[in-house]
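Each remark here refers to the structure printed beneath this line.
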Amino acid sequence: MATNKSEKNLSGVPVLPLRDVVVYPFMVVPLFVGRERSIKALEVAMAADKQILVATQKSAAEDTPTEEGIYHIGTLATVLQLLKLPDGTVKVLIEGVKRAQISRFLTNKEYFLADVELIDDVGGESRETEILIRSLKSQFEQYVKLNRKIPTEILSSVLVIEDGGRLADTIAAHLSLKLDEKQKILEILDLGKRLERLVGVMEAEIDLLQVEKKIRGRVKRQMEKTQREYYLNEQMKAIQKELGELEEVPNELEALAKKIEKSGMTTEAREKCLAELNKLKMMSPMSAEATVSRNYLDWVLSLPWKKQSKLRVSLAEAEKILEEEHYGLKEVKERILEYLAVNKRVKKLKGPILCLVGPPGVGKTSLGQSIANATGRKFVRMSLGGVRDEAEIRGHRRTYIGAMPGKIVQKISKTDANNPFFLLDEIDKMAMDFRGDPASALLEVLDPEQNHAFNDHYLEVDYDLSDVMFVATANTLEIPPALRDRMEIIRIPGYTEDEKIHIALRHLIPKQLEANGLKKDEIKIPLETIRYIVQHYTREAGVRNLEREISKIFRKVVKEILLKDKKTKKTIEIGDLEHYLGVRRYRHDMAAEKDQIGQVKGLAWTEVGGELLEIEAVTVPGKGKITSTGQLGGVMQESIQAALTVVRARAPLLGIHKHFFDKNDIHIHVPEGATPKDGPSAGISMCTALVSVMTEMPVRSDYAMTGEITLRGEVLAVGGIKEKLLAAHRGGIKSVIIPAENVKDLKDIPDNIKKDLDIKPVRWIDEVFSYALNGYPQGMTTGKSKKLKPKTPKALVAQKKLRKGDRVRAH
């Protein structure tokens, strides 16, 4: 039983150790007591004045604390209520009264008993204390708003407290602090320091609560968004299932993982895809990043990593297909059969890079389809005409919206085979600008030593293109040298007249019959009519215009059948062509003219095949000025200067007066001035025209010529001989003068062309004069004849006869 010695000292006060709570003055706390010593101390207190000292244990884990294990500063409390429960524990309600310090423990085995000294707050009312109280109330109000665990009723009861000590103890009792921190606040006896400590603790707690509130709000928003998206997706799936569009909803990510494992892709690509799939799992399905990752996986998985077409190995069958689908083109067909033969022996053959070069309309693109059919490969075509962006070849980098792989990867992904036939059409039409050089980007694609590891910027992994058979087409050889070096050039010069007729009968007419809805028994075009169309309505290396003319006839015939409702068979005779096609556009026999002074037929090579050029020269009184017209290029201008020098060097031998060049102006003109013309192969034509006009000897109209001239009068070899001879044959030319060095090229000329043409190989310009000039002495080429006299009577006679329209043969 406690006895009072003074107002501040109490003797024999029972002590109740507490495990995990600190009781402050003015605090009412319910406790559950189960230890026998503690229950005994409560019973003693209830039997006396109901006062007991509650002190916190230093370690809550100790079940039987010692005197050293109890904090010596606690709170003297009054037992308000005590209730014994059936399980032997006691529920007690106590109220803290005042701070107290244990002076000493008294010896008692049944419960803790101690002498106690009551503690008063140090420090009175001051201006600083008032400020701290006001600040503490404001902070506690903010703390209550942030902490949902404290009822708002507590706030109203705290805000009315004016006493600083009671305010500090009440607020400390409601803070969520650690046990040792609460004990330290209890042990602070100076009121100002206690208030200041609480202000600091409150600031830290408020900061933590604010961060917690932000995190809680962010998590809540994310959860709400995720739940909303999940709910909407589930609704969509349910609607689709009800509509019968989706029987079972598969797990897309699991399906992607299975596709990656079964795709047969390289180790590098598999690791890249699995990393992208793991990122996709962490993203929201509706986010933009998830769309980018999903699109990437779709592109990679769409590529045929291991799937291949079964290649045709029968050479006889492949040859049969090529012969059925294309007429002529012997060299190309032989090259394809060679490839198939080698591929039959060598299981792994790097795809050849062929380049078909020829004028429009000769069937380069359709030949590609035939090669694909003959080899058993799937056909892919990519047009390179006008391509300026390097990304069209190598793809875009995945750094912006709208990125996608290059056309190479896109086309292969659609074929479902990694060994297709890939046609790169119009490779000479590629351009270059600030977006890069696509021609250089093609080097990696077309180089057999590099394309086994083609790296698309979008895929970012290597893809093997070595099994792809690449074939390019071009009208000219104006291809970057580095790119041309990686390709095997096969020239398709054009078709002869007989070949065009065969192509029309075997391919064009059946095709246009079907396209225009005509039957074979409704129309007939005889062979002579087709030949007449070829000679007088078309002048081309290919057959595109020929097909267009045939289509025009068929359309008009269909209209006549439907208007007249007659089902008689219509035969298209030559006399009917003017009705269906209009007046004839070209003269077949261009050589059927009179021999003319200063007019020479030259042969030129163009993008659309060989062409006949009319070269004219005249002299007028003047001061030796040279004029050239007809939109001539720089090389052709130089050919004129070289030809003029050759003529001046041979002036005495040719009988040209020494003052001729000082008293006459020379004008050289090439008609069709709107068409650009360039090249060195008109050198001997220019020289012949100059000699003709200066000596007044006419040029034979049935001759055409090509060759480059040197200052010494030597005739040098030129290119495009086959195209030029075909053009001469189309124009009805009988004799052609070519450089002697080009005789080796005649083996590629069809026999019927060589049979129809009288080909004259020459090494020197004097030989050209002897063949082409009517009236030129034959002995001039051997040096046995005498010099021609200026203005010889023979030349004057020839000139007078030409004016009357007579052909002159002055041998």
Subject >> In the stretch 57-101, the GluC sites (Glu not before Pro) that fall in loop regions by DSSP, at most 10 other Cβ within 10 Å >> reply: Glu68
Subject >> Only Lys, Arg (+1) and Asp, Glu (-1) charged, at Cβ; the stretch 436-555 dipole about Cα centre in debye >> reply: 1280 debye
Original post:
Regarding the chain, what is the average projected area of its C-alpha convex hull, in nm²?
Top reply: 68.2 nm²
Original post:
Rounded if a/c is under 1.5, else prolate if a/b beats b/c, else oblate: with a ≥ b ≥ c from the C-alpha gyration tensor eigenvalues square-rooted, which is the stretch 41-92?
Top reply: oblate
Original post:
Taking a probe of 1.4 angstrom, what is the accessible area of Met487 in Å², to the nearest 10?
Top reply: 20 Å²
Original post:
Given a 1.4 Å probe and the protein chains all in place, what does the accessible area of Val468 round to, in Å² to the nearest 10?
Top reply: 0 Å²
**OP:** Would you work out which of Phe661, Ser314, Pro86 lies farthest towards the positive end of the dipole of the chain, given +1 charges on the beta-carbon of Lys and Arg and -1 on that of Asp and Glu, about the Cα centre?
**Re:** Phe661
Original post:
Considering only DSSP beta bridges whose two residues both sit in the chain, what percent are antiparallel, to the nearest 5?
Top reply: 60 percent
Subject >> Residues of the chain: accessible area per residue with a 1.4 Å probe, Å² >> reply: 52 Å²
Subject >> Label-point separation in nm, Lys193 to Met46, each point 7 Å along Cα→Cβ >> reply: 4.0 nm
Original post:
What are the ³J(HN,Hα) values, in whole Hz, obtained from phi via the Karplus relation 6.51 cos²θ - 1.76 cosθ + 1.60 with θ = phi - 60°, for each residue of the stretch 546-554 in sequence order, with x given for Gly and Pro?
Top reply: 4, 5, 5, 5, 5, 4, 5, 4, 4
Original post:
Taking H as built 1.01 Å from N, whose amide H comes closer than 5 Å to the amide H of Trp764, not counting residues under 5 places away?
Top reply: Val715
**OP:** Please express the Cα-Cα pair-distance distribution P(r) of the stretch 155-237 as a list of whole percents, one per 5 Å bin, running from 0 to the bin with the greatest distance.
**Re:** 3, 12, 17, 15, 12, 8, 7, 6, 6, 6, 4, 3, 1, 0
Original post:
By its C-alpha gyration tensor, with a ≥ b ≥ c as the square roots of the eigenvalues, how is the stretch 83-149 shaped: rounded for a/c under 1.5, else prolate for a/b larger than b/c, else oblate?
Top reply: oblate
Original post:
What do you reckon, how do Ser309, Ser156 stack up by accessible area (1.4 Å probe), largest on top?
Top reply: Ser156, Ser309
Original post:
Projected area of the stretch 381-514, taken from the Cα convex hull and averaged over every viewing direction, in nm²?
Top reply: 10.8 nm²
Original post:
Which values of log₁₀ I(q)/I(0), to two decimal places, follow from the Debye formula for the stretch 431-583 at q = 0.09, 0.11, 0.19 Å⁻¹ with a uniform point scatterer at every Cα?
Top reply: -0.53, -0.66, -1.09
Subject >> Heavy-atom SASA rank of Leu315, Leu654 (probe 1.4 Å, accessible area, largest first) >> reply: Leu315, Leu654
**OP:** Determine ³J(HN,Hα), in whole Hz, for all residues of the stretch 735-740 in sequence, where each value follows from phi through the Karplus function 6.51 cos²θ - 1.76 cosθ + 1.60 and θ = phi - 60°; x replaces Gly and Pro.
**Re:** 10, 10, 9, 10, x, 4
**OP:** Report the normalised scattering of the stretch 500-644 as log10 I(q)/I(0) at q = 0.13, 0.20 Å⁻¹, calculated by the Debye formula with identical scatterers on the alpha carbons.
**Re:** -0.72, -1.23
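What do you get for trypsin sites (Lys or Arg not before Pro) in the stretch 653-698 restricted to DSSP loop and a cutoff of at most 14 other Cβ within 10 Å of the site's Cβ? Each step should come with its number before you reach the end.
Details: sites: Lys658, Lys663, Lys677; in loops: Lys658.
Here the sparse-neighbourhood loop sites are Lys658.
Which percent of the accessible heavy-atom area of the stretch 383-502 goes to carbon and sulfur, probe 1.4 angstrom?
Answer for the stretch 383-502 is 48 percent, counting heavy atoms of protein chains only.
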Subject >> Computed magnitude of the charge dipole of the stretch 87-227 (debye, nearest 20; Cβ of K, R +1, Cβ of D, E -1) >> reply: 1040 debye
Original post:
Share of the stretch 10-163's accessible area from carbon and sulfur, percent, 1.4 Å?
Top reply: 52 percent
Subject >> Heavy atoms of His452 accessible to a 1.4 Å probe, total area in Å² rounded to 10 >> reply: 100 Å²
Original post:
Once phi is turned into ³J(HN,Hα) by the Karplus curve 6.51 cos²θ - 1.76 cosθ + 1.60 with θ = phi - 60°, what whole-Hz value does each residue of the stretch 74-81 show in order, with x for glycine and proline?
Top reply: x, 10, 6, 10, 10, 7, 8, 7
Subject >> Residue-averaged [θ]222 nm for the chain, counting only DSSP H segments that reach four residues, each worth -39500 (n - 2.57) >> reply: -13000 deg cm²/dmol
**OP:** Rank by packing, highest mean first: peptides 110-116, 569-575, 336-342, with packing defined as the count of other Cβ atoms within 10 Å averaged across residues.
**Re:** 110-116, 336-342, 569-575
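Please go through the residue pairs Lys258/Lys407; Lys333/Lys500; Lys220/Lys258 and name each one whose alpha carbons sit more than 25 Å apart in this structure.
Values: Lys258/Lys407 27 Å; Lys333/Lys500 18 Å; Lys220/Lys258 34 Å.
Where the Cα-Cα span goes over 25 Å, the pairs concerned are Lys258/Lys407; Lys220/Lys258.
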**OP:** For Lys519, Lys272, Lys182, write out the residues from largest to smallest accessible area, computed with a 1.4 angstrom probe and no ligands counted.
**Re:** Lys519, Lys272, Lys182
Original post:
Counting only protein heavy atoms, what percent of the accessible surface of the stretch 619-666 is carbon or sulfur at a 1.4 Å probe?
Top reply: 53 percent
**OP:** Choose one of Leu18, Met432, Leu208: the residue whose Cα lies farthest towards the positive end of the charge dipole of the chain (beta-carbon charges +1 Lys, Arg; -1 Asp, Glu; about the Cα centre).
**Re:** Met432
Original post:
Ordered by packing density, taken as the mean number of other Cβ atoms within 10 Å over each peptide's residues, highest first, how do 86-93, 715-722, 527-534 rank?
Top reply: 715-722, 527-534, 86-93
Subject >> Sequence-distant residues sharing a close amide H with Ser103 (under 5 Å, placed H) >> reply: Asp115, Val116, Glu117
**OP:** Pull out the extension gain between Asn278 and Glu528, defined as 0.36 nm times the separation in residues minus the alpha carbon to alpha carbon distance; nm, one decimal.
**Re:** 82.7 nm
Original post:
What FRET efficiency would be calculated for the residue pair Val342, Met404, taking the C-beta separation as r and a Förster radius of 30 Å, to the nearest 0.05?
Top reply: 0.25
Original post:
Count the lysine pairs in the stretch 569-724 that are 8 or more places apart or on different chains: how many have C-alpha atoms under 24 angstrom apart?
Top reply: 12
**OP:** Label the stretch 3-115 by shape, choosing from rounded, prolate and oblate, from the square roots a ≥ b ≥ c of the eigenvalues of the Cα gyration tensor; if a/c is under 1.5 it is rounded, and otherwise prolate applies when a/b is larger than b/c, oblate when it is not.
**Re:** rounded
**OP:** Taking the Cα centre of the chain as origin, work out the dipole magnitude from +1 charges on Lys and Arg Cβ and -1 charges on Asp and Glu Cβ, in debye rounded to 20.
**Re:** 5020 debye
Original post:
For Lys378, which sequence-distant residues (separation of 5 or more, or a different chain) have an amide H within less than 5 Å of its own amide H, given hydrogens modelled in the peptide plane?
Top reply: Phe421
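The values are calculated or read from the model by the stated rules, or taken from the named source; none is laboratory data. Just so you know, these numbers come straight off a predicted model, no measurement behind them. For neighbour counting, all protein chains shown are included, and Cβ atoms are generated from backbone atoms with ideal geometry for every residue, glycine included. Calculation scope for accessible area: heavy atoms of the full protein, side chains included, ligands and nucleic acids excluded. Shrake-Rupley method; radii C 1.70, N 1.55, O 1.52, S 1.80 Å.
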